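The structure appears right after this line, and notes come after that.
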Amino acid sequence: MKILLVFDFDNTIIDDNSDTWIVQCAPNKKLPTELSDSYQKGFWTEFMGRVFKYLGDKGVREHEMKRAVTSMPFTPGMVELFNFIRRNKDKFDCIIISDSNSVFIDWVLEAASFHDVFDKVFTNPAAFNSNGHLTVENYHTHSCNRCPKNLCKKAVLIEFLDKQLQQGVYYTQIVYIGDGGNDVCPVTFLKNDDVAMPRKEYTLQKTLSRMSQNLEPMEYSVVVWSSGVDIISHLQFLIKE
């Protein structure tokens, strides 16, 4: 009987947004106006596909992108948190559900040797094509009208839990650790023993506090964090219970 830890990636595991961070590889560290203006709400992955094509066309190579991505700082206390989880892997399963991409997340986990902490990573699949350009695809299609069209984190979480159940794996509770607007949807799925852990002062925390002020029904408990060390304290409390 384990606890499931669900992590977002950008602004949760790492202390920045990998998709905007990569822009530093562009000439003059910025995108041309017509490219940056081409983003349409809900179509971020398509937008990033154009950004990666632009970087490739400008001669930015894989090793340069990797160097940039792996220089992103971890959020304070995350390294300590992952070491704590690693020491307690008998008590936790750990997954990432992210709107970043598989190449960036792989690079970060590999550079810091944290692959073993995570049982599964769900994100937009990416790969370098024969021209050396990074290409990215939508993770899936879904019918949720709350989420961007490439990724509904709640749908991913439900599918994962169903598969685990078929394998005879049942979780005593879910702890969801995130920061952003696209983390609201999966949090609404949480039940009464579960814990939503929004990062302090970020969109998820502001949205959940607005929901509780509006007296929207919330079965789960909410524990706000600023550092991975806050998360360790709460996990220690949960496994002691």
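Put simply, of 238, 190, 215 the only residue that is part of a loop (DSSP other than H, G, I, E, B) and at pLDDT 95 or above is 190.
Restricting attention to segment 17-37, the residues being open to solvent by 50 Å² or more (accessible area, probe 1.4 Å) and in a loop (DSSP other than H, G, I, E, B) number 2.
Give the residue that is most open to solvent (accessible area, probe 1.4 Å), with candidates limited to residues of segment 41-51 that are touching a helix residue (DSSP H, G or I) at 6+ places or on another chain (Cβ under 8 Å) and within 20 Å of residue 153 (Cα to Cα). The residue in question is 44.
Within segment 93-107, if we keep just the residues that are out of contact with any Lys or Arg (no Cβ under 7 Å at 6 or more places or on another chain) and open to solvent by 10 Å² or more (accessible area, probe 1.4 Å), the residue that is farthest from residue 169 (Cα to Cα) turns out to be 103. Would you confirm, using the coordinates I've provided, whether residue 90 is open to solvent by 60 Å² or more (accessible area, probe 1.4 Å), acidic (Asp, Glu), part of a loop (DSSP other than H, G, I, E, B) and at negative phi? Judged against the criteria, residue 90 is a match.
Residues that are open to solvent by 50 Å² or more (accessible area, probe 1.4 Å) and part of a loop (DSSP other than H, G, I, E, B) were ranked within segment 143-168; the one that is nearest to residue 3 (Cα to Cα) is 168. Here residue 81 passes the criteria (1) in a helix (DSSP H, G or I); (2) surrounded by fewer than 18 Cβ atoms within 10 Å (Cβ to Cβ); (3) touching a helix residue (DSSP H, G or I) at 6+ places or on another chain (Cβ under 7 Å) except the one numbered (2). Of the residues making up segment 172-179, none is in a helix (DSSP H, G or I) and open to solvent by 10 Å² or more (accessible area, probe 1.4 Å). Going residue by residue through segment 123-132, is there one that turns out to be modelled with pLDDT under 95, assigned to a loop (DSSP other than H, G, I, E, B) and touching a helix residue (DSSP H, G or I) at 6+ places or on another chain (Cβ under 7 Å)? Within segment 123-132, one or more residues are modelled with pLDDT under 95, assigned to a loop (DSSP other than H, G, I, E, B) and touching a helix residue (DSSP H, G or I) at 6+ places or on another chain (Cβ under 7 Å). Within segment 128-142, residues that are farther than 22 Å from residue 156 by Cβ and small (Gly, Ala, Ser) sit with their Cβ atoms under 9 Å from residues that are open to solvent by 40 Å² or more (accessible area, probe 1.4 Å) and part of a loop (DSSP other than H, G, I, E, B), at 6+ positions apart or across chains, in these pairs: 132/61.
Inclusion of residue 53 among residues that are touching a residue at least 40 places away in the same chain (Cβ under 8 Å) and touching a Lys or Arg at 6+ places or on another chain (Cβ under 8 Å) is not warranted.
The values are calculated or read from the model by the stated rules, or taken from the named source; none is laboratory data. Worth saying up front: this structure is predicted, and the values here are computed from it rather than measured. Using ideal geometry, Cβ is built from the backbone for each residue, glycine included, and neighbour counts are taken over all protein chains shown. Accessible surface is based on the protein model in full, side chains and every heavy atom, while ligands, DNA and RNA are left aside. Shrake-Rupley method; radii C 1.70, N 1.55, O 1.52, S 1.80 Å.
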